[in-house]
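The values are calculated or read from the model by the stated rules, or taken from the named source; none is laboratory data. Keep in mind that what you see is a predicted model, and the values were worked out from it rather than measured. All Cβ positions, glycine included, derive from the backbone under ideal geometry; neighbour counts span all protein chains shown.
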Amino acid sequence: SIATSEITEASLASPVNEAVAQPVQEGLSATPKWLPAWLFYDAQGSRLFERITHLPEYYLTRTERAIFTGYADGIIAAAIDAYATAGGTGKGRLRLLELGAGSATKTGILLAAAVRLQDETEYLPIDVSETAMEDACASIARALTGVVVQPQVANYVTDELSIPPHDGPTLALYIGSSIGNFAPHEAVAILQNLRAQMRPGDTLLLGTDLVKDAATLISAYNDHDGVTAAFNLNVLRRINRDLRANFDLASFTHQAIWNAEQSRMEMHLQSTKEQTVRVGALRTSFQFDAGETIHTENSYKFTKDAIRNLFTQSGFQAAHQWTDEDQLFAVTVASA
Ligand code: AVI
C-alpha cells in the first residue's frame, strides 16, 4: 500500500549529516568548485593519511620527527627558560598542550624529554574527534608512565578555546604542518584564539613546512604509489556515503599543483568528462564540464620571514627555531 511504502522510505532514508551537507552544497555550487579539506578525514581517509606519512616522497612527518629526536631537550628547555625569563612564579611543572590529537609517536618524543627533565608531565590534547584522542591518549599512557593525560574535546578552529588554569608553564604544540591547511587569515585567527588563553611565559611550538623546489613539493603530494591520489578521491566516496551521492571515482583524477604566488600546494580533483552527479541528500545535481576541477586542499609552505609574520600578527614572539640540514621543515618556539 501507499502508506507502507511511505513509512519504509522515511525510515530507510538516513538522517542528513548537516555538518557535511552545508559545505558540500556551497562548495559544489561555487565556480570554481571546492570542498573543505577536513572532509578527507573519515575513518578511511585517516588511514590513508597515516599511510601518506610513511611514504618516501612525503618528507614532512619524518623530518619533523627527526628534528624532535635531535633537539627534544633543547625544545623543552626553551619552554622552561621562556617562563623563567617572563618572571613566571608558578610552582607547577611544564604542561604540554596539543592542538589536534597528534601522532602519538611525534608528541611522545617531546613528552619523553619533558618527563626526563622533570619527572612528571601533564599532557592536554584538544581535538574534535573523541576517537582520535582516545587512541592517541591510550598509546601515550602505555608508552610513558610519567605522563598524566587530560584530553579535551573541542573544535579549536570554530570555537573559543577554554584551557584549564595551570600553576606553571604551558607549552602548546601545533605540529605536523597542520597550520598549513588554513588560509593565512584563518591561521592567524587560530593562533590568536590560542594566544588569548596563554599567560606570560607560556610558549607555542609550531611545525611548518618550508618553501622549497617545486619538484620536491609536487612529488610529496603526488606519490608514486598513488596513496595521495586515493586520499584525495576518498572525499568523493565519503560524499557518496554521507549524502547519498553517485560520484564515479573512476572519472575523476588527482592533481597536485604548486602555486608559487600563494606559496601553497593545491590538490584538485579533475573530471575526465562532461558528467552530472546526483547528491541525493541535497536533492541537487551538479554539472561537470570535461576537465573541470574541484579544489580540495591548500597546504601552505612558509619562508622564515612568513613564519615570523604569522607569529607577529597573532601576538607571539619567535624565540628559537630548529630545522633539518636540508631546510625542509621548521620547528619554532615562540613566547606569548
Ligand atoms: C595534514 N596536512 C598537514 C597534510 C598536508 O601535507 O597538508 C595533508 C595532506 N594532504 C596531502 N597529503 C597530505
Neighbours by Cβ (under 8 Å, 6+ apart or cross-chain): first from segment 19-46, touching a residue at least 60 places away in the same chain (Cβ under 8 Å); second in a loop (DSSP other than H, G, I, E, B) and more than 16 Å from the ligand (Cβ to nearest atom): 32/292; 33/292
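For residue 159, state whether it is under 18 Å from the mean Cα position of the chain (by Cα), free of Cβ contacts under 8 Å to residues at least 12 places away in the same chain, surrounded by fewer than 13 Cβ atoms within 10 Å (Cβ to Cβ) and more than 16 Å from the ligand (Cβ to nearest atom).
Working: under 18 Å from the mean Cα position of the chain (by Cα): yes; free of Cβ contacts under 8 Å to residues at least 12 places away in the same chain: yes; surrounded by fewer than 13 Cβ atoms within 10 Å (Cβ to Cβ): yes; more than 16 Å from the ligand (Cβ to nearest atom): yes.
Yes; evaluated as a whole, the condition is true for this residue.
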Search result, residues across segment 261-283 that are within 22 Å of residue 243 (Cα to Cα) and more than 13 Å from the ligand (Cβ to nearest atom): 270, 271, 274, 275, 276, 277, 278, 279, 280, 281, 282, 283
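Name the residue, out of 93, 65, that is away from the ligand (no atom under 11 Å from the Cβ), touching a helix residue (DSSP H, G or I) at 6+ places or on another chain (Cβ under 9 Å), charged (D, E, K, R) and at pLDDT below 95. Show your work before the answer.
Values: 65 fails: at pLDDT below 95.
Checking each option against the conditions leaves just 93.
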Flag for residue 241 being on the phi < 0 side of the Ramachandran plot, basic (Lys, Arg), surrounded by fewer than 23 Cβ atoms within 10 Å (Cβ to Cβ) and over 21 Å from the mean Cα position of the chain (by Cα): yes
Hits in segment 100-120 - residues which are in a helix (DSSP H, G or I), surrounded by fewer than 18 Cβ atoms within 10 Å (Cβ to Cβ) and at pLDDT below 85: 105
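I'd like the full set of residues that are part of a loop (DSSP other than H, G, I, E, B) and either in contact with a strand residue (DSSP E or B) (Cβ under 7 Å, 6 or more places away or on another chain) or away from the ligand (no atom under 11 Å from the Cβ) (or both), limited to segment 215-249. Before the answer, list the steps.
Step one: of segment 215-249, the residues part of a loop (DSSP other than H, G, I, E, B) are 221-226, 244, 246-248.
Scanning segment 215-249 gives 221, 222, 224, 225, 226, 244, 246, 247, 248.
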Tally of residues being outside any strand (DSSP E or B) and under 21 Å from the mean Cα position of the chain (by Cα) across segment 278-323: 12
